[in-house]
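Data first, discussion second: the structure below is written as structure tokens.
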Amino acid sequence: MDLAAILRLLHNFNRWVVVIMLVLVIGRAILALVKRLERNPLDRQMWLVLTIAADVQLLLGLILFVLGPWLGLLSRSASVVMKDPNLRFFSIEHTLIGIIVVVLIHVASIRFRKADTSRQAFQQSLIFIGIVALLVLYSGIIEPTVLGRAIFLVK
């Protein structure tokens, strides 16, 4: 198994860590809003794990982008990449969405910590994380599956 295959395996595994943490953070926010719960140290830990997992996911993705064929293809023949849905998705869309996701997670985490009230913290974070969840669902699960990529195994 070469380095790229190991990195793809880690990128694939870590995607599920991000998805699980998103589900936990969203579930906690909904529960806290419904039951009018206050923020607690566990919330901060969940945000920390989500942020670290997203940062690692982006780092692995960027390394794969540089080491894999995507950057070379894009720099040599951008018009060919733009015409092929598979190449366009993995060389441009997937990478750009990954960066946006990480930025939104960081913004949501900061807004959660800086909010004046717990209710405000959970409301604001739920909006941002809802957007993040939709982007992750599209970029990490739906579109790769449509393009023929396995979502549980390295293909």
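The values are calculated or read from the model by the stated rules, or taken from the named source; none is laboratory data. Quantities reported herein were computed from a predicted structural model and do not represent experimental measurements. FYI the Cβ positions are ideal-geometry reconstructions off the backbone, even for glycines, and counts take in every protein chain you see.
Structure values in brief
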read-out: Candidate set from the stretch 81-103 (those that are without any contact (Cβ under 8 Å) to a residue 40 or more places away in the chain and surrounded by fewer than 18 Cβ atoms within 10 Å (Cβ to Cβ)); member that is nearest to VAL49 (Cα to Cα); value: VAL103
read-out: Cross-chain or 6+ apart pairs with Cβ under 9 Å, the stretch 68-80 first and under 22 Å from ARG8 (Cβ atoms), then loosely packed, with under 13 Cβ neighbours inside 10 Å; value: LEU73/VAL80
read-out: Elements of type helices (runs of 4 or more DSSP H) contained in the stretch 1-119, each with 2 or more residues being at pLDDT 95 or above and under 24 Å from ILE141 (Cβ atoms); value: 3-35, 41-67, 94-114
read-out: Hits in the stretch 34-61 - residues which are over 20 Å from GLY98 (Cα atoms) and loosely packed, with under 15 Cβ neighbours inside 10 Å; value: VAL34, LYS35, ARG36, GLU38, ASN40, PRO41, LEU42, ARG44, GLN45
read-out: Given (1) farther than 20 Å from MET21 by Cβ; (2) of a type in the set (A, V, I, L, M); (3) free of Cβ contacts under 8 Å to residues at least 40 places away in the same chain, index of the condition ILE131 fails; value: (1)
read-out: Condition check for VAL17: among the β-branched types (Val, Ile, Thr) and surrounded by fewer than 19 Cβ atoms within 10 Å (Cβ to Cβ); value: yes
